[in-house]
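The values are calculated or read from the model by the stated rules, or taken from the named source; none is laboratory data. Here the structure is a predicted model, which is why all the values come from computation and not from measurement. For neighbour counting, all protein chains shown are included, and Cβ atoms are generated from backbone atoms with ideal geometry for every residue, glycine included.
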Amino acid sequence: MARLPSIDRNTWTILICGYPNVGRSPFMNKVTKADGDVQPYAFATKSLFVGHTDDKYLRYQVIDTPGILDRPFEDHNIIQIIAQQVALFHSIKSLFMNKPLIIVCNKTDLQPLDGLSEEDMKLVLEMKAEAMKTVMGHQGGYPANEEGVLSPMSTLTEDGVIGVKNAACERLLDRGVELKMKSKKINDCLNRFHVAIPNPRHQKERPPFIPQAVLEAQLQAAEKEKRKTEKDLENENGGAGLYSASLRKNYMLVDDEWKEDIMPEILDGHNVYEFVDPDILLRLEELGQEEGLRQAEEENEDFEMDDNDLIKKSTAESRPIIPRKFDKNREFTTERMGRQLSQLGLDPSLAINCAWSKSRGRKRERSLDRRDSDIEAMDVDVDQSSKKLCLRSSSRSRSKSRPPSEVVPGEGFKDTKQKVKALKLAKKSVKKRNKDARREEADRVLPTLKPKHLSSGKRSIGKTQRRCSTCGISFHKMPS
């Protein structure tokens, strides 16, 4: 049941049924947006498929059904296929009682109705006569409209497909109107309906009035040369892919020859085209040749070096590679430092020379063995007092270079006395805050000194030793 489509039983429904491989699914795909499976073999449709179409502002649902057989498919032959389909129709026509019916002859591109034999045509007309009995006018005893009862079509060439759809929708609409007219409620509404049909007064023609000025303007517009669009120019010049539309031809310039000029590319206030060397390719080739000669000379020099020189060179180059963690893009360079200092109005030469000349020395060590070994290597006699003095100096920590009370330019103090006073006031201001365990000056947290959940309620069994109901303080009894 989950695979069955959603079928509305209260809406206009067109049911398509017939033998396998007669073209039901292609017809449904043509008149609706349904995408039914169409195959060259029989029984491609194994369940119901629902599609929807519109006609005269009304919604119709179209249901495609699997093929119907009156006996096994292997017993059929091509010669008796029409007679078998007629026999199938007569065997199931009782299911279509009181329902509008249309006979559709598909695949007319292979065999039109005019090319059928008299016997086959007689069988088709018998089916048409049975379908006419479902027409409302035929049941009322007066002549009915036979148009659309027998409809030929071809889903391959789409010939007659729309006619079949319109005939089925009109037949359903007429059926609904006729049922409404036969209902009991229609008599209560007919006395309120009035259809006015105007009668012509005379045979005088009344054509639409068009002013003469409008007619002249229309003639002038027809004689005027039509403005060519970009689409017309594209078709005249070879079509898409060969014609390229010019976006500058409508520029309003002093001279029309300026429209196709090359637009300059400005970089840092200069025209880039003025700095382009016309012989740049030749210069690049010369640089490549010079670089090749230089590399060849270096290879020859390396080849002429003896083994000791090669060992010294490899030892000098075998330095550990320091990972570049912070300055990955190599932005902190002396050139950048000099450029920034120049923008500030300072002389960058001293800073650049200091950066280039500074070399990283050996780190200070506290080992006494290293000092003794150095002294022994120097063959210098050192007395015992000098050794004690050295040991004492190495055990003491390094004194501070500048006392905290010394005024540094830029701090905002005029003398040392004012700075000392400011430091004392700063320590005094934070004393109360530290005493109250405040995080900062803006800390205004008010803790709950007497929590409600500890000072209210009955004490159940086992709570006396760690709960006091008078003061709201929780404590644990210490073992004796």
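Among (1) under 30 Å from VAL104 (Cβ atoms); (2) of a type in the set (A, V, I, L, M); (3) surrounded by fewer than 10 Cβ atoms within 10 Å (Cβ to Cβ), there is one condition ALA196 misses while meeting the rest; what is its number?
Against the list (1) under 30 Å from VAL104 (Cβ atoms); (2) of a type in the set (A, V, I, L, M); (3) surrounded by fewer than 10 Cβ atoms within 10 Å (Cβ to Cβ), ALA196 comes up short only on (1).
On the basis of being touching a residue at least 60 places away in the same chain (Cβ under 8 Å) and among the basic types (Lys, Arg), does ARG201 make the cut? Full working, then the answer.
Details: touching a residue at least 60 places away in the same chain (Cβ under 8 Å): no; among the basic types (Lys, Arg): yes.
The answer is no for ARG201.
So in the stretch 246-265, with the set limited to residues that are surrounded by 10 or more Cβ atoms within 10 Å (Cβ to Cβ) and of a type outside the set (D, E, K, R), which one is modelled with the lowest pLDDT? Lay out the reasoning, then the answer.
The first filter runs over the stretch 246-265 and keeps only residues surrounded by 10 or more Cβ atoms within 10 Å (Cβ to Cβ), leaving 246, 248, 251, 253, 256, 258-261, 264.
Checking which are of a type outside the set (D, E, K, R) leaves us with 246, 251, 253, 258, 264.
Numbers: SER246: 87, TYR251: 91, LEU253: 91, TRP258: 89, PRO264: 84.
Only one residue fits best here, namely PRO264.
If you check every pair at least six apart or on different chains, which have Cβ atoms under 7 Å apart with a residue in the stretch 172-194 that is of a type in the set (Gly, Ala, Ser) first and a residue that is exposed (fewer than 12 other Cβ atoms within 10 Å of the Cβ) and in a loop (DSSP other than H, G, I, E, B) second?
As it stands, the answer is none, since no pair meets every condition given.
Could you please let me know if LEU233 is in a helix (DSSP H, G or I), aliphatic (A, V, I, L, M), at pLDDT 85 or above and under 48 Å from the mean Cα position of the chain (by Cα)?
Working: in a helix (DSSP H, G or I): yes; aliphatic (A, V, I, L, M): yes; at pLDDT 85 or above: yes; under 48 Å from the mean Cα position of the chain (by Cα): yes.
For LEU233, the condition - in a helix (DSSP H, G or I), aliphatic (A, V, I, L, M), at pLDDT 85 or above and under 48 Å from the mean Cα position of the chain (by Cα) - is met.
May I ask you to list pairs of residues, at least six apart or on different chains, whose Cβ atoms are under 9 Å apart, with the first in the stretch 204-228 being among the charged types (D, E, K, R) and the second being in a loop (DSSP other than H, G, I, E, B)?
That search, which allows pairs on different chains as well, returns nothing.
For the stretch 392-427, which positions are modelled with pLDDT under 55 and hydrophobic (A, V, I, L, M, F, W, C)?
none
Inspect the stretch 10-21 for any residue being of a type in the set (S, T, N, Q), touching a residue at least 40 places away in the same chain (Cβ under 8 Å) and closer than 20 Å to ASP159 by Cα and give the result as yes or no. Before the answer, list the steps.
Filtering the stretch 10-21 for residues of a type in the set (S, T, N, Q) gives 10-11, 13, 21.
Add one more test, that the residue is touching a residue at least 40 places away in the same chain (Cβ under 8 Å), and what stays is 11, 13, 21.
After this cut, where a residue has to be closer than 20 Å to ASP159 by Cα as well, the list is 21.
So far as the stretch 10-21 goes, yes, one or more of its residues are of a type in the set (S, T, N, Q), touching a residue at least 40 places away in the same chain (Cβ under 8 Å) and closer than 20 Å to ASP159 by Cα.
What are the residue pairs meeting all of these: first residue in the stretch 343-362, first residue surrounded by 10 or more Cβ atoms within 10 Å (Cβ to Cβ), second residue modelled with pLDDT of 70 or more and of a type in the set (Val, Ile, Thr), Cβ atoms under 7 Å, and 6 or more apart or on different chains?
Once the first residue is surrounded by 10 or more Cβ atoms within 10 Å (Cβ to Cβ) and sits in the stretch 343-362, its partners that are modelled with pLDDT of 70 or more and of a type in the set (Val, Ile, Thr) give ILE352/THR334; ALA355/THR334.
Which one is modelled with the highest pLDDT among residues in the stretch 113-152 that are under 12 Å from ILE103 (Cα atoms) and of a type in the set (S, T, N, Q)?
Going through the qualifying residues, I end up with SER151.
Select from the stretch 18-33 the residues that are part of a loop (DSSP other than H, G, I, E, B) and either at pLDDT 85 or above or β-branched (Val, Ile, Thr) (or both) and write down the one among them that is nearest to PHE89 (Cα to Cα). Give the derivation first.
Pass one, the stretch 18-33, residues part of a loop (DSSP other than H, G, I, E, B): 18-23, 32-33.
Within this subset, residues satisfying the condition of being either at pLDDT 85 or above or β-branched (Val, Ile, Thr) (or both) are 22, 32.
Details: VAL22: 14, THR32: 25 Å.
Out of the qualifying residues, it is VAL22.
Which of the residues belonging to the stretch 164-205 are more than 28 Å from ARG24 (Cβ to Cβ) and of a type in the set (D, E, K, R)?
Listed by number, the residues that qualify are LYS180, LYS182, LYS184, LYS185, ASP188, ARG192, ARG201, LYS204, GLU205.
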